[in-house]
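Written below as structure tokens is the structure these notes are about.
The values are calculated or read from the model by the stated rules, or taken from the named source; none is laboratory data. What you see is a predicted model, and the numbers here were worked out from it, not measured in a lab. Positions of Cβ are backbone-derived with ideal geometry, glycine not excepted, and every protein chain shown enters the neighbour counts.
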Amino acid sequence: MTTASATPAPTLGLADSSVPVAINHGPPYTIAIDPGHGGPIETGAVATDSDGNLWLEKDLNLDVALRVRALLTGAGYNVVMLRTTDSTITNFDPNDFSGSVMRESQARVDEANAAQADALVAIHFNGWIDDSLSGNEAYCDPNRSFAANSCQLASLIQQSLVSDIRADGYAVNDLGVKNDAEVNGNQDDPHSWMLGTNADFSPSVMPGTIVETLFLSNPDELAFIRRPEALDVIAAAYAKGIESYFAWLTGGQ
Ligand SMILES: [Zn+2]
């Protein structure tokens, strides 16, 4: 196994009383990986590179997730993929996008819960209408009972991605670990479906993070991503961050 060189305290100003929840079994540990989005309607971010090629976030998420699965499986982890093809796992109604996203998220959370996963990692790439925005960020929900775990998981993956992307030659902006409530900004549903608690929704019951890996909408970051070796660098950084989390949780072996 590899481990990151640093294990900093959780960010977001968590209360001093927020202590990690110990894991109650030995290895192998089970990781639920959510390759964000999927299918013809739920594409996620969309970008066009300088040669006119179209890049869809859903495809990159799945490509990286499959590489992370291979790395973690090789390191002795159980991996549960919440999708393995270019599709959603529920029927998507184009006339009810937000309702469809909620139902799809519930189905994915239900799978992670049924698998009794020890951690949930949602893999995304970012995108925004302002193409000057750049950087890497990770989210955790500071209000869950296992927030210390979730935010450490987020922090370790974030640091691993930032350091490995920089080592690969791109001086990525470290946007840090953010509050999950910032994901959708909806006052009625203040947290994302995957990590938070929301009305009429059965939440995930394990520590989790959503990671936004660079901005497809930023020309410099898309130029980094489109190189053939980039997705291996990104996947290895995810796997290293996840392994560092379990090393931290179990005493550093
Ligand atoms: Zn996304």
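Per-residue answers, yes or no, for (1) within 15 Å of the ligand (Cβ to nearest atom); (2) touching a helix residue (DSSP H, G or I) at 6+ places or on another chain (Cβ under 9 Å):
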{"position": "Gln116", "(1), (2)": "no, no"}
{"position": "Trp128", "(1), (2)": "yes, no"}
{"position": "Asn136", "(1), (2)": "yes, yes"}
{"position": "Cys151", "(1), (2)": "no, no"}
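Candidates in region 138-149 are the residues that are of a type in the set (S, T, N, Q) and surrounded by fewer than 22 Cβ atoms within 10 Å (Cβ to Cβ); of these, the one that is farthest from the ligand (Cβ to nearest atom) is Ser145. Restrict the check to region 85-100 and report whether at least one residue is more than 16 Å from the ligand (Cβ to nearest atom) and assigned to a helix (DSSP H, G or I). Yes, some residue in region 85-100 is more than 16 Å from the ligand (Cβ to nearest atom) and assigned to a helix (DSSP H, G or I). Within region 25-39, residues that are closer than 12 Å to Met194 by Cβ and small (Gly, Ala, Ser) sit with their Cβ atoms under 7 Å from residues that are part of a loop (DSSP other than H, G, I, E, B) and away from the ligand (no atom under 16 Å from the Cβ), at 6+ positions apart or across chains, in these pairs: Ala32/Ala115; Ala32/Ala117. Among the candidates Ser160, Ser98, Ser150, the residue that is over 18 Å from the mean Cα position of the chain (by Cα) and not acidic (Asp, Glu) is uniquely Ser98. Flag: Tyr238 matches the condition of being in a helix (DSSP H, G or I) and within 12 Å of the chain's Cα centre (by Cα).
Mind telling me which of the residues Leu82, Leu71 ends up being at pLDDT 95 or above and more than 16 Å from the ligand (Cβ to nearest atom)? None of the others qualify; the one that does is Leu71.
Please verify whether Val172 is over 18 Å from Ala32 (Cβ atoms), part of a loop (DSSP other than H, G, I, E, B) and hydrophobic (A, V, I, L, M, F, W, C), treating the condition exactly as stated. Judged against the criteria, Val172 is a match.
Among the residues of region 45-84, those that are assigned to a loop (DSSP other than H, G, I, E, B) and either closer than 14 Å to Arg108 by Cβ or among the polar types (S, T, N, Q) (or both) comprise Ser50, Asn53, Leu82, Arg83, Thr84. The set of residues in region 81-100 that are under 25 Å from Phe146 (Cα atoms) and touching an Asp or Glu at 6+ places or on another chain (Cβ under 7 Å) contains only Leu82.
The set of residues in region 40-63 being of a type in the set (Val, Ile, Thr), without any contact (Cβ under 8 Å) to a residue 24 or more places away in the chain and either away from the ligand (no atom under 16 Å from the Cβ) or more than 19 Å from Thr213 (Cβ to Cβ) (or both) consists of Thr48 alone.
The residues listed here are Ile157, Ile225; of these, the one that is of a type in the set (A, V, I, L, M), within 20 Å of Ala45 (Cβ to Cβ) and away from the ligand (no atom under 15 Å from the Cβ) is Ile157.
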